[in-house]
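All remarks here apply to the structure that follows.
The values are calculated or read from the model by the stated rules, or taken from the named source; none is laboratory data. Remember, it's a predicted structure, so these values are computed and weren't measured experimentally. A quick note on method: Cβ atoms are made from the backbone with ideal geometry, for glycine too, and the neighbour counts reach across all protein chains shown.
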Amino acid sequence: MNFNTNSDNELVNCTENFLFLANNCNAEHALKMINGKWKISLIKIIGNECPKRFGVLKRELDNLAQGTLSTILKELENDGLILRMAYAEIPPRVEYKLTEKGIAFLPIIQSMEDWWLAFPENN
């Protein structure tokens, strides 16, 4: 006698449901935009003082390579969280500021930090 309550069909349906939920979860899409070691830090730094010049960002994140900083800034710009403003000056000047979407994300970052601090075992 077989006492297995999960048939092979149920396993497939469960997997399909999981994939459907993972692909249709709005929170997952939002987390993909800020996924990475430095993105939240950059959003906070730019949000604290807008606009921020590239050199200032580089100094504030001294452990971050210049190429990595450029890549992350481009990703944040492509996601609509920051705006890059280039000025035709000598020497060239580039500034970054948060977009409306980026500004709206600041309270979410604060909520995530509050959530983390609410559980002392995390610290």
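Consider only pairs whose beta carbons are under 7 Å apart and that are at least six residues apart or on different chains; among these, list those whose first residue lies in segment 22-35 and is surrounded by 10 or more Cβ atoms within 10 Å (Cβ to Cβ) and whose second residue is at pLDDT below 80.
Sorted first by the residue in segment 22-35, then by its partner, the pairs are Glu28/Ala22.
Could you list, ordered by first residue, the pairs with Cβ atoms under 7 Å in which the first is in segment 51-71 and under 14 Å from Val94 (Cα atoms) and the second is surrounded by 15 or more Cβ atoms within 10 Å (Cβ to Cβ) and charged (D, E, K, R), at least 6 apart or interchain?
Within 7 Å, the pairs are Pro51/Glu95; Pro51/Lys97; Lys52/Glu95; Arg53/Glu95.
Could you tell me whether Leu64 is closer than 24 Å to Lys32 by Cα and at pLDDT below 90?
In short, yes.
Can you give me the number of residues within segment 80-111 that are closer than 14 Å to Gly36 by Cβ and surrounded by fewer than 16 Cβ atoms within 10 Å (Cβ to Cβ)?
So the answer is 1.
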